[in-house]
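All remarks here apply to the structure that follows.
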Amino acid sequence: MSPLRRAAGLLAATALVSAACATGGGSGTATPAGPSAAPTASQGASATASAAPSAAAVEIDWYHIQNNDPGKALWQELADEYTAEHPNVTINLNVNENEAFKTKLATLVQSNTPPDLFQSWGGGGLREQVEAGLVQDITAGVADWQDTINPGAMGMYQVDGKQYGIPFDLGLVGFWYNTDQFEDAGITEPPATWADLLTAVQALKDAGLTPMALAGGDTWTGAFYWAYLAVRECGQEGMDNAVVTGDWSDPCFVKAGEDFVELIETEPFQEGFLAAKWDGAGSGAASMATGNGAMQLMGQWLPGTVAANSDDPENPPEWLGWFPFPSVDGGAGAATDGLGGGNGFAVGRDAPPETIDFLRFLVSEDAANRWGALNTGILPTTVGTEGSVTDPQLVDVLAGRAEAEFVQLYLDQATTPDLGAAINEAVATLYAGTGTPESVAAAINEFAQQ
Amino acid sequence: MNSRLNPSRRDRLGRERLTTILLFLLPALILYAIFVLLPIVQAMRFSFFDWNGLQPLTDFVGLDNYVRALTNSVFQGAVGHNVFVIVLSLAIQIPFALGLALLLSRRFKGRGVLRLLFFAPYVIAEVITGVIWTLMLQPNGLADGLLTGAGLGDLYSPWLADPNTVMAAMFVIISWKYFGFHMILLLAGLQQIPSELEEAAAIDGATRFQATRYVVLPLLGPTLRVSVFLSMIGALQLFDLIWVTTGGGPVNASNTMATYMFDWGFERHQLGYGSAVAVILFIFALVVGLAYQRWVLRRDVDGALTGGAA
């Protein structure tokens, strides 16, 4: 159990890294170098392949970033199984660490030779690749099996209604809470509405507890509040419109800020939260681990990081529970809409048709079940495989995700790293007390229009 | 002694010596050109483009990046924080180091231990310093605990988490880290001053204060001026300590030009804009450096170079 736990922690850390792109890590975005590249071997192969898809030898260059076991081994097994069944297909595996992958992909893109199948986070990064003509429209190729994948996750890999990639993992941001402290404060039900949440905050304060831990020093954590409230207030249509057109002037974004200010005015956060990083000494995770913060709005990687900041780094505390972000009265969004992100694969422009078949195999029920059973924090997106995850804390997250028709991708991945950073920075002025809901919305809109 | 050689021989010797000098200089010059000059030129070039580091350099925007930086309130704030550290360093940190150096240049028991203790923070890596101070200043940390234990709990506040106090707190950390370095520099300077001069002053009836004020300090001038110079340049380039301790926050309240540049260049992938900020920082440091050399350091340097020829 303990090595598995360690791996879970590692993967959680990887997930954190991709989420921490809110601080601008970049979402693997890439733009073209111009139409000057010479045809490559794989392009030649693909030409032959399209002529006779089933018989001719085909090579698929596959880049993934699950560079730690057990995930790495599982991908290898799946590739071996596929090639055993399809002897004409050779799969060239390229395994890179997250940041190394981004660098490598940038190089490949610069030389105008995108891989056939590669890691993607969807959203704004994928959109840039689509606009640069580096990825394939696979809408027709996946038409007869697209229903087997979680629709919220699929949406992140669509650009203008066309499918360019397939997700195999989708995590969700929600409230992690200290069930013991909730009990001490006499709160019996996790808050279902924003008003309930404010009541719970007061109850916790009355019980002498710190209602929330916030890592204000890492501004992407605070931005989760605003982003979630925007999803509630603006709904899918409003969010899509803002992300695609760069027009953030809708009043619903001001409303989101006003809702957040309602919470901020109750002073729910731990002392000195403005300086707290997400992880490490004096961090939001450490705060929660030591009982100084009954709730924290965070992704599915929280248990591992809280554990790492406690006296039992291997095991997430048993008092950790999860509830979905509360509903907001009068908003355009559904109470079940989510905010999250995950991993998937995009199909390169020159990939042979077999790539789509291989991709289908990678997200098949069997493959997804095997991923889920590893309990590494990868939450499979194939419909009906959610039950394969057995870690009780991840099960709660999955239950919340199962309800979501629409999951908004983390704003810094849905847009660009610099707009994402501008959003984080603007939202931080709210809880630092230097900004207003209007000034935040205006700053974001102004930056997006540049 | 050159005058004893005939002119042609002198020329040949001169040429040979020049060749030797150039040959010895060459490796250093090449390295300097590749790793210092070229990047500076590159950064200047990038700073005229809107560029995210991936696409080709095509979006020429002229001086837009510079205008944007200089009119941006966050960048102006960062410049202000740099100036804040420079002014306080000169007003507090250097005088403090000077006082300690004067005290520690006297002979007394335990002098060596004290020198070692005061110098120790300088040896600790910036990153570790940042982490240690973060831990000490956080709520329920050492500072909080000590003050509360002494019944002064009300005096504590999470200084690093308050935009109004974060720079003052950072200045304390910076001073703690670097005063030992300036103290050692000044101590070395003090040791260069012959004790006879002080004795002579004493015989002439000067008090200890007068001897220090009118004999020691003027002679310490060159060291002091170098110390001030290093302190200013260090404050202009301030990065690691801030980045580790506050990351430039809360809400940009402790950004310096260097953290601002890193944030935009490498976190937000706006390499064109980040390069413009880097160039501004470079020009800032260059102007300060040259002006200081020209107006303040010149007499020391002149003395050293022209003294022999005269």
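Contact annotation: residue pairs with Cβ atoms under 7 Å, 6 or more positions apart or on different chains, pairing a residue in region B:224-251 that is more than 25 Å from B:VAL279 (Cβ to Cβ) with a partner that is part of a helix (DSSP H, G or I) and among the polar types (S, T, N, Q), are B:THR245/B:THR134; B:VAL251/A:THR429. Which condition number does A:ASN309 fail, the rest of (1) of a type in the set (S, T, N, Q); (2) more than 24 Å from the chain's Cα centre (by Cα); (3) surrounded by fewer than 24 Cβ atoms within 10 Å (Cβ to Cβ) being met? All conditions are met except number (2). Checked against the criterion of being part of a loop (DSSP other than H, G, I, E, B) and away from chain B (no Cβ under 14 Å), the candidates A:ASP312, A:ASP279 yield just one match: A:ASP312.
Checked against the criterion of being touching a residue at least 60 places away in the same chain (Cβ under 8 Å) and surrounded by 24 or more Cβ atoms within 10 Å (Cβ to Cβ), the candidates A:ASP350, A:ASP337 yield just one match: A:ASP337. Under the condition of being among the hydroxyl-bearing types (Ser, Thr, Tyr) and within 14 Å of another protein chain (Cβ to nearest Cβ), which residue from region B:100-155 is farthest from A:MET288 (Cα to Cα)? Per the stated criteria, the residue is B:THR129.
Within region A:312-334, being surrounded by fewer than 17 Cβ atoms within 10 Å (Cβ to Cβ) and modelled with pLDDT under 90 holds for A:ASP312, A:PRO313, A:GLU314, A:ASN315. Identify the residue in region A:96-107 that is in contact (Cβ under 8 Å) with a residue 24 or more places away in the chain and out of contact with any strand residue (DSSP E or B) (no Cβ under 7 Å at 6 or more places or on another chain) and, among all such residues, is farthest from the other protein chains (Cβ to nearest Cβ). Going through the qualifying residues, I end up with A:GLU97.
Here's the yes/no breakdown for (1) more than 24 Å from A:THR210 (Cβ to Cβ); (2) surrounded by 18 or more Cβ atoms within 10 Å (Cβ to Cβ):
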site	(1), (2)
B:THR129	yes, yes
B:THR134	no, yes
B:ALA143	no, yes
B:LEU155	no, no
B:HIS182	yes, yes
B:GLU199	yes, no
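When A:MET156 is tested against (1) over 30 Å from A:ASP350 (Cβ atoms); (2) touching a Leu at 6+ places or on another chain (Cβ under 8 Å), just one condition goes unmet, and that condition is (1).
Please verify whether region A:131-139 includes one or more residues that are assigned to a strand (DSSP E or B) and modelled with pLDDT of 95 or more. No - not one qualifying residue is present in region A:131-139.
On the stretch given as region B:268-294, residues that are without any contact (Cβ under 8 Å) to a residue 60 or more places away in the chain and over 22 Å from the mean Cα position of the chain (by Cα) total 1. Could you grab me the full set of residues in region A:371-429 that are part of a loop (DSSP other than H, G, I, E, B), touching a Phe, Trp or Tyr at 6+ places or on another chain (Cβ under 9 Å) and within 14 Å of another protein chain (Cβ to nearest Cβ)? Hits for region A:371-429: nothing passes. Can you find even one residue in region B:255-262 that is touching a Leu at 6+ places or on another chain (Cβ under 9 Å), polar (S, T, N, Q) and modelled with pLDDT of 90 or more? Yes. If you go through region A:61-70 one residue at a time, do you hit one that is surrounded by 14 or more Cβ atoms within 10 Å (Cβ to Cβ), of a type in the set (Asp, Glu) and farther than 21 Å from A:ILE166 by Cα? Yes, some residue in region A:61-70 is surrounded by 14 or more Cβ atoms within 10 Å (Cβ to Cβ), of a type in the set (Asp, Glu) and farther than 21 Å from A:ILE166 by Cα.
Which residues, taken from region B:242-267, are within 17 Å of the chain's Cα centre (by Cα) and either facing another protein chain (nearest Cβ under 8 Å) or surrounded by fewer than 21 Cβ atoms within 10 Å (Cβ to Cβ) (or both)? Answer for region B:242-267, where residues must be within 17 Å of the chain's Cα centre (by Cα) and either facing another protein chain (nearest Cβ under 8 Å) or surrounded by fewer than 21 Cβ atoms within 10 Å (Cβ to Cβ) (or both): just B:TRP243. Here the helices (runs of 4 or more DSSP H) wholly within region B:146-231 that include at least 3 residues being among the small types (Gly, Ala, Ser) are B:166-192, B:195-203. Answer with yes or no whether A:GLU271 is within 14 Å of another protein chain (Cβ to nearest Cβ) and surrounded by fewer than 24 Cβ atoms within 10 Å (Cβ to Cβ). Judged against the criteria, A:GLU271 is a match.
Here A:THR90 fulfils each of the conditions (1) touching a Ser or Thr at 6+ places or on another chain (Cβ under 9 Å); (2) of a type outside the set (Phe, Trp, Tyr); (3) in a helix (DSSP H, G or I); (4) exposed (fewer than 15 other Cβ atoms within 10 Å of the Cβ) apart from (3).
Looking across region A:282-309, the residues that are within 14 Å of another protein chain (Cβ to nearest Cβ), touching a residue at least 60 places away in the same chain (Cβ under 8 Å) and part of a loop (DSSP other than H, G, I, E, B) come down to A:SER283, A:GLY291, A:ASN292, A:GLY293.
The values are calculated or read from the model by the stated rules, or taken from the named source; none is laboratory data. Model, not experiment: these values are computed from the prediction. Here Cβ is always computed from backbone atoms with ideal geometry, including for glycine, and neighbour counts include all displayed protein chains.
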